[in-house]
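A.B. asks: Pasting in a structure now, in structure tokens, and then I'll have a few things to ask.
The values are calculated or read from the model by the stated rules, or taken from the named source; none is laboratory data. No experiment lies behind these values; they were computed from the predicted model shown. Counting neighbours? That spans all protein chains shown, and the Cβs are built from the backbone with ideal geometry, glycine included.
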Amino acid sequence: MFELLAAAVHNRLWYAIPLIVAVSLVYGATRHELMGPILNNALRAAVWIVSFMSIIFGILYVISWAI
Amino acid sequence: MPDENNSPAADDVIEIDLRNPVVAGVWAWLWPGAGHIYQRRYAKGILFMACILGTWVFGLGLGSGHVVYASWTANDHRWHYLCQLGVGAPAFPAIVQSRRVRDNKEPLLNGFMAPPRNVVSDSASSWELQDDELAQWHLRYHTFFELGTLYTMIAGLLNILAIYDACSGPMILVPEDQSEKPPPDGKKKSG
């Protein structure tokens, strides 16, 4: 698991970060008008996206381990 | 996505002047953020412009300007362009380049956003692939071609959210008993 995460540090997962930031901010901006609530919503959306991706990562890792 | 704070408190409600929502929607499509700037919602306009155009430019750069092109030939159905077109005017050069290539003219700007030539089918031999420009791009840019395509597609899809926001204002979940028709003056209340 740690080897996999260490490898991830050097792979293209980093390219997900700008996408997560952009998607979260646009998502937040379509739900609020003022910058404060937009940033709060964006932060929650980013945490939600990262959590969701982590869960999918975990499921795929377990599946690949079993194969 | 769970979002418990979408209902604004009564004292947080502000009025938004959407001006002409159709005009704002067209501007928002033509240039990300322009619809909001037309509505004098400058902060959101700049935010949409930075996020959407930033994603677009980054994706375009990953594929050296080749990931956005318009083509619908027998061996190359570039459906991705439909999503990329959501970003509006920044995707228009692909249409110009596509027409030039179709008319057997040389593409402009060193092939920027021009469709690939000599695309062969997936079952073609490696010998035939040598002249396939799309295959050469995949070979040259590897994963970045797919990443660039993904970035530009997401930029186009994000702009659809921005267009909706320009036309209708923020999507706020209001309980049914509090929901009411927007006032006829085109103003919308938001948190």
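A.B. asks: Would you confirm whether any residue within the range A:21-42 is without any contact (Cβ under 8 Å) to a residue 60 or more places away in the chain, more than 10 Å from chain B (Cβ to nearest Cβ) and either closer than 25 Å to B:Leu62 by Cα or under 11 Å from the mean Cα position of the chain (by Cα) (or both)?
C.D. replies: No, every residue in the range A:21-42 fails to be without any contact (Cβ under 8 Å) to a residue 60 or more places away in the chain, more than 10 Å from chain B (Cβ to nearest Cβ) and either closer than 25 Å to B:Leu62 by Cα or under 11 Å from the mean Cα position of the chain (by Cα) (or both).
A.B. asks: Test B:Leu82 against the stated conditions and say whether it is within 15 Å of the chain's Cα centre (by Cα) and surrounded by fewer than 14 Cβ atoms within 10 Å (Cβ to Cβ).
C.D. replies: Yes, satisfied.
A.B. asks: Take the residues of the range B:85-94 that are aliphatic (A, V, I, L, M) and over 9 Å from the mean Cα position of the chain (by Cα): which is surrounded by the most Cβ atoms within 10 Å (Cβ to Cβ)?
C.D. replies: For the range B:85-94, the residue satisfying everything is B:Ala94.
A.B. asks: Got a number for residues in the range B:127-172 being at the interface with chain A (Cβ under 9 Å from one of its Cβ atoms), β-branched (Val, Ile, Thr) and touching a helix residue (DSSP H, G or I) at 6+ places or on another chain (Cβ under 9 Å)?
C.D. replies: Counting residues in the range B:127-172 that are at the interface with chain A (Cβ under 9 Å from one of its Cβ atoms), β-branched (Val, Ile, Thr) and touching a helix residue (DSSP H, G or I) at 6+ places or on another chain (Cβ under 9 Å) gives 2.
A.B. asks: Could you say whether any residue in the range B:177-186 is at pLDDT below 75, touching a strand residue (DSSP E or B) at 6+ places or on another chain (Cβ under 9 Å) and within 14 Å of chain A (Cβ to nearest Cβ)?
C.D. replies: Looking through the range B:177-186, none of the residues is at pLDDT below 75, touching a strand residue (DSSP E or B) at 6+ places or on another chain (Cβ under 9 Å) and within 14 Å of chain A (Cβ to nearest Cβ).
A.B. asks: Mind checking which residues of the range A:24-44 are part of a helix (DSSP H, G or I) and either of a type in the set (S, T, N, Q) or surrounded by 21 or more Cβ atoms within 10 Å (Cβ to Cβ) (or both)?
C.D. replies: Of everything in the range A:24-44, those that are part of a helix (DSSP H, G or I) and either of a type in the set (S, T, N, Q) or surrounded by 21 or more Cβ atoms within 10 Å (Cβ to Cβ) (or both) turn out to be A:Ser24, A:Leu25, A:Val26, A:Tyr27, A:Gly28, A:Ala29, A:Ile38, A:Asn40, A:Asn41, A:Ala42.
A.B. asks: OK, next. Are any of the residues in the range B:74-81 modelled with pLDDT under 85 and of a type outside the set (Phe, Trp, Tyr)?
C.D. replies: The answer is yes, given that some residue of the range B:74-81 is modelled with pLDDT under 85 and of a type outside the set (Phe, Trp, Tyr).
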